[in-house]
Amino acid sequence: MSDTPIISGHNLNLWYNDTHALQSISIAIREKRVTALIGPSGCGKSTLLRCFNRLNDLIDHVKITGEITFGDMNIHAPGTDVVHLRKRIGMVFQKPNPFPKSIYDNIAYGPRVHGTKEKKELDRIVEKSLRDAALWEEVRDRLADSALGLSGGQQQRLCIARTLAVGPEVILMDEPCSALDPIATAKIENLIEILKKNYTVIIVTHNMQQAARVSDYTGFMYLGKLVEFGETRQIFEHPSETLTENYITGRFG
Amino acid sequence: MNFLQRFTTGTSGNTARSSILKEKSIKTVFFCTAFFAIIVIIFILFFLFLDGYPVFEQVGIANFLFGTSWTPTAAVPAYGIFPLIVGTLLVTLGAMVIAVPLSLGCAIYVSELASPRVKKILKPAIELLAGIPSVVYGFFGLIVLTNFIRISCDIPTGETWLAASILLGVMALPTIISVSEDAISSVPREFKEGSLAIGATRWQTISKVIVPAALSGIAAAIILGIGRAVGETMAVMMVAGNAAIIPHPIWNVLSPIRTLTGTLGIEMGEVSVGSLHYNALFGVAIVLLVITLIINLSAVAILRHLRERGTTRQKRTPLITPERKESLKRFAEVSGITILMIFILIATPWWCVILFLLAGVVWYYIREQISQKHIEKLAFALIISAAVIVLAILVIILQDIIINGLPAISWEFLTQPPRDLGRAGGIFPAIVGTLYLVIGAIMIALPLGVGAAIYLVEYTREGRITRLIRTGVDLLNGTPSIVFGLFGFAFIVLFIGTGVSLIAGQITLALMVLPTIIRTTEESLKNVPQALREGSLALGATKWQTIRMVVLPPAVPGIVTGAILSIGRAAGETAPIMFTAVIFSSRFLPDSVFQPVMALPYHLFILATNIPGSSTNKYGTALVLLILVIAFYSVAIVVRNHFQNKIRG
């Protein structure tokens, strides 16, 4: 249990055009722990998550100030190798987004773009990633089938496997269960429990029970501000801010 | 839907009977307008076959299609169209070699790389390229391009296969760019994010995820571009040299060449009606129609398949297993390289071959060493240069016509009739004639097209009849404009007996723009949310009330845009009016719709090809035509953007 943060943000601000979407956020993410970000819709939690792998670069008219460090890497520095950064910080999206390729090719895509060509090595990575994502037994006989034929829950685990195949250190999850049924959700939550042995996980969720179940640390965000951040148990049992308490007890949100 | 209909008829009480009758008759009217498209297609086919049949009977289908000599005016006439078919295919092939890489580069640039500001310049520029009338392209080709080729290749005339292919390639650019850009942009954002989040570079994401996902759309775009190239008449006819020969050797791009469309454009005006030559020309039109229909229907089928796949996601086993795919890929690579090598060996001097070989070997060894970043830089450089070239083409054409055309523009030029065969005087009757033609055409086509679209979207569910009507519209859309010209001549001018007249031209142009109007109206009706209709029906409004008061108002901007675009297109067309409505030089305006008129595109065509020494007036006419057409297009674009912003904001 190391207490040095793997990712830390200092005084982070973000604007979309004139909207001040993130306001002086400082946060420290612990290694090999699950950190949950909760808050009502539009509070900026997904935006914050997308800062960690610079996916906000894809959106026009975004301005960011402040600093986020990942190890000794300054994420938003102009010279940062985004490709390398995203290899180390993987992401799973809200809606499962498998490519319109076969199951095998979906997993092998990442290693291939990073230069792995040998068939045997690819086979090994595909199998390991699928096993780690608890999907191997379900798809081992149809790796050549289109990934679009899988169920929603399977597709989401495929996307997790796809992320694992690149060998990241951190996995960002943007409401990974919001498009899934309760059974598929339970499977993903179990998976997160296992993943945290080897990976740092940051998960954005709408579902407070989910945050309480899977996370070690929780941050509550509201209107672009990080209102409160701390150990999950403390946030849920003795929140220090009334705003947090009101949200958690369901008085708004 | 059924439940709602029952509900509304239940609430309308005593007036139910009369209102039901009214609703039914309205529906019938719309059905008739929709069925009109089918009738037109049947008529076109019927009249083409009626006039084309004798040639098949007297010459024989095989002799007609595969005969290698086309000399209809010789002492012993021969009617073999094989050189014309080969000519059409070769010109199209050449055009695609030029257009496909440029368009794909440009489409990728616009949809993936360009900043919003660059996009704002580039997209209208591409639309502008689409708006230039084909006769203006032909004019530019004749004056500038053929001269350039003649001088730089040191040959007696620049009117060659190469000139035709370059020009057609440029003309096919906007079609291919806009359709494939649509396909690329509609690849779900999630794919892109998913790939980037894994740490793929932008180029890897584009080449391995986005383009493959958009591949069928891109294929459809290319097929549509081919259809456009095959059906084009005026521009090709003006620069191809039009010798009915097969180039020798077959890759001799500096040989003159003649296409199916060019043959119709040149000979239709001089043939005596009812002769075997006349029949042979209709035979040519049938062959042309069949080729373009096959091309366009396959593109439509691909696009429709795509749209359906978007809604129903079905499980299917892939036809080609990964292993087979690998071996197919390898086979394609090897055979492609072999063909290329043979071609290079035959066509180019030996030092070129060695250069190519060296480059290939170097690439093969370096490929492993170059980092992804360098590959990305190289790829982006190529993509950006494609976009720059497209933009440069537009600038060159516009600049040439504006600089040379401006001196001709004067008050006299715009308000006086021509003198001395158009060398002097003005073009007033041509401007007025063109306006008469397009206004008449739109007045005929708009009610028919809007009615048909309302029927297709509002009154039917997808079934056999709608499919039939849609196919009819697609067929009409793919028909080359020269074929409309032939049909107008055979049916309206001769059969109905209007003679060469304004009304014949208006009807012919109306038929030509009908599919565009149906399409755009359909699109804008479909964009009206279903919830609005249900809301209105649930209040007890009848179907027609719902359409009139709820569905049509938000669709009007889209319909207006479509109509203006059609006017622009009709104003620039030459082929459909060449045999139906126009005369070259007239001092007077027509008194009635049964008299012929002057028209700008035809005037330009005759000046450019038949009247030497009319240089200033040629350019002046081209500039006026260009401004007129572009004015229509820009109004349409402004209307569209205005309402798009309104809806978004």
If the chain between B:Phe356 and B:Trp251 were fully extended at 0.36 nm per residue, the gain over the current Cα-Cα distance would be 35.9 nm
Treating only Lys and Arg (+1) and Asp and Glu (-1) as charged, each at its beta carbon, one finds that the protein assembly as shown has a dipole about its Cα centre, in Debye to the nearest 20, of 1280 debye
With the 1.4 Å probe rolled over protein heavy atoms, the range B:144-255 has an accessible area per residue in Å² of 34 Å²
Under the helix-only model (-39500 (n - 2.57) for each DSSP H run of 4 or more, divided by the residues of chain B), the mean residue ellipticity at 222 nm, to 500 deg cm²/dmol, is -24000 deg cm²/dmol
One finds the C-alpha centres of the range B:533-555 and the range B:24-62 to be spaced, in Å, by 35 Å
Comparing A:Ile103, A:Ile125, A:Ile183 in a Gaussian network model of chain A (Cα, 10 Å), the one with the largest mean-square fluctuation is A:Ile183
Partner shielding of A:145-152, as the mean number of partner chain Cβ atoms within 10 Å, equals 3
The lysines whose Cα lies under 30 Å from the Cα of B:Lys24, excluding any fewer than 8 residues away in the same chain, are B:Lys526, B:Lys543
The extension gain from B:Ile402 to B:Glu23, computed as 0.36 nm times the residue separation minus the Cα-Cα distance, is 131.1 nm
Heavy-atom accessible area of the protein assembly as shown with neighbours in place, 1.4 angstrom probe: carbon+sulfur share in percent works out to 62 percent
Here the FRET efficiency for B:Tyr364 versus B:Leu215, based on Cβ atoms and R0 = 30 Å and rounded to 0.05, is 0.70
With the charge dipole of the range B:409-649 built from beta-carbon charges (+1 for Lys and Arg, -1 for Asp and Glu) about the Cα centre, the Cα from B:Asn477, B:Ser614, B:Val629 projecting farthest to the positive end belongs to B:Asn477
Answer check: the protein assembly as shown, Cα atoms, Kirkwood Rh, Rg/Rh ratio of 1.03
In nanometres, the difference between 0.36 nm per residue of separation and the alpha-carbon distance of B:Glu412 and B:Gln545 is 42.7 nm
Quick calc, the range B:58-161, dipole around Cα centre from Cβ unit charges on Lys, Arg (+) and Asp, Glu (-), nearest 20 debye, gives 380 debye
Rounded to a whole number, the mean other protein chain Cβ count within 10 angstrom for residues of A:58-69 is 1
On complex formation of B with A, accessible surface lost, both sides summed, probe 1.4 Å, nearest 100 Å², amounts to 2400 Å²
Cα-Cα longer than 32 Å, checked against B:Lys123/B:Lys192; B:Lys119/B:Lys377; A:Lys225/B:Lys192; B:Lys27/B:Lys119; B:Lys119/B:Lys329, kept in input order, equals B:Lys27/B:Lys119; B:Lys119/B:Lys329
Under a 1.4 Å probe, counting only protein heavy atoms, B:Val86 has an accessible area in Å², nearest 10, of 20 Å²
Karplus ³J(HN,Hα) for the range B:279-291 (6.51 cos²θ - 1.76 cosθ + 1.60, θ = phi - 60°; Hz, whole; x = Gly/Pro) runs 4, 4, 5, 5, x, 4, 4, 5, 4, 4, 4, 4, 4
Expected field for B:Val118, accessible surface area in Å² at 1.4 Å probe radius, rounded to 10, holds 50 Å²
quick note, the protein assembly as shown, DSSP beta bridge pairs, % antiparallel (nearest 5) is 60 percent
Taking A:Asp216, B:Asp474 and ranking on accessible area (1.4 Å, protein atoms only), highest first, one gets A:Asp216, B:Asp474
For B:Phe43, the accessible surface traced by a 1.4 Å probe with all protein chains present amounts, in square angstrom to the nearest 10, to 80 Å²
Distance in nm between B:Phe43 and A:Thr19 label points, each 7 Å along Cα→Cβ, equals 5.4 nm
Rounded to 0.05, the calculated FRET efficiency for the beta carbons of B:Leu589 and B:Asp420 at R₀ = 25 Å is 0.80
Sorting A:Asp145, B:Asp182 on solvent-accessible surface, 1.4 Å probe, most exposed first, gives B:Asp182, A:Asp145
Losing no less than 40 Å² of accessible area (probe 1.4 Å) relative to the isolated chain, the residues of the range A:93-133 are A:Phe93, A:Asn97, A:Phe99, A:Pro100, A:Tyr109, A:Val113
Within 10 Å of the Cβ of an average residue in B:178-190, the count of other chain Cβ atoms is 1
Counting only backbone N atoms under 16 Å from a point 7 Å out along Cα-to-Cβ of A:Ser26, the residues of the range A:68-106 in range are A:68-69
If R0 = 30 Å, then B:Asn527 and B:Ser634, at their Cβ-Cβ distance, give a FRET efficiency to the nearest 0.05 of 0.85
Each label sits 7 Å from Cα toward the beta-carbon; between A:Gln209 and B:Ile496 the label points are separated, in nm, by 7.2 nm
Restricting to lysines and to Cα separations under 28 Å from A:Lys197, and discarding same-chain partners fewer than 8 apart, the set is A:Lys32, A:Lys45, A:Lys87, A:Lys95, A:Lys120, A:Lys128, A:Lys187
Judged on accessible area alone, 1.4 Å probe, highest first, B:Met268, A:Met208 line up as A:Met208, B:Met268
Given Cβ charges of +1 for Lys and Arg and -1 for Asp and Glu, the option among A:Thr185, A:Tyr199, A:Phe229 whose Cα lies farthest towards the positive end of the dipole of the range A:172-253 is A:Tyr199
Expressed per residue, the solvent accessible area of the range B:409-649 in Å² (1.4 Å probe) is about 40 Å²
Computed for the range B:409-649: size of charge dipole around the Cα centre, +1 on C-beta of each Lys and Arg, -1 on C-beta of each Asp and Glu, debye to nearest 20, value 480 debye
If unit charges are put on Cβ atoms (+1 for Lys and Arg, -1 for Asp and Glu) and the dipole of the protein assembly as shown is taken about its Cα centre, the option from A:Ser215, B:Ile403, B:Val284 lying farthest towards the positive end turns out to be A:Ser215
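The values are calculated or read from the model by the stated rules, or taken from the named source; none is laboratory data. Just so it is clear, the structure is predicted and the values come from calculations on it, not from any experiment. Cβ sites come from the backbone with ideal geometry, for glycine too, and all protein chains shown count toward neighbours. Only protein heavy atoms, including side chains, enter the accessible area calculation; ligands, DNA and RNA are left aside. Shrake-Rupley method; radii C 1.70, N 1.55, O 1.52, S 1.80 Å.
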